[in-house]
Each structure stands twice: as structure tokens, then as C-alpha cells.
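The values are calculated or read from the model by the stated rules, or taken from the named source; none is laboratory data. What you are looking at is a predicted structure, and each value in this text was computed from that prediction instead of being measured. Side chains included, ligands, DNA and RNA excluded: accessible areas come from the protein's heavy atoms. Shrake-Rupley method; radii C 1.70, N 1.55, O 1.52, S 1.80 Å.
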Amino acid sequence: VEVQTDYVPLLNSLAMYGWQLTCVLPTPIVKTNREGNLSTKQIVFLQRPSLPQKAKKKESKVNNL
């Protein structure tokens, strides 16, 4: 059995926003189409680094009170 996946378009579109692929989990869900080809569902986990909080604005509001 040969599994063919193409995550490149998905990863390229999400990489612009800082998302990175961390894990792909196969599921037991298997479907057959009219041509007899099998397809499976997979769970894709993505992450991106947390963005720094804008502490300067919070500090200036506290100082102005």
C-alpha cells in the first residue's frame, strides 16, 4: 500500500502567518471512491510561536492613572 499526501500547499499558505506543522495523526477512517481508490482522514496539528504582549501600552495606562 502506498500512501500519497501533499501538505505543501497547506503548509505554504499557513507559513505566511507563522504556523508550523508539528504532528500528523492517522485515523482509522478509510473511505473508497468509485474508482476503488482508498482515502484516509488524518488529524493535522499546527503551532506558531506566541506573540509578545504589548506591555508598553499597559504600562503607560497605569502610569497615567
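Observations
- With every protein chain in place, the stretch 7-47: carbon and sulfur % of accessible area (1.4 Å): 61 percent
- Integer Hz, Karplus 6.51/-1.76/1.60 couplings in order for the stretch 25-30, x for Gly and Pro: 10, x, 10, x, 7, 10
- Accessible surface computed residue by residue for the stretch 15-54, with neighbouring protein chains in place and a 1.4 Å probe, gives 94 Å² per residue.
- Figure note: Y17, Y7 ranked by solvent-accessible area, largest first, 1.4 Å probe, ligands and nucleic acids not counted: Y17, Y7.
- Under 5 Å, built H, 5+ apart or other chain: amide partners of L46: T22
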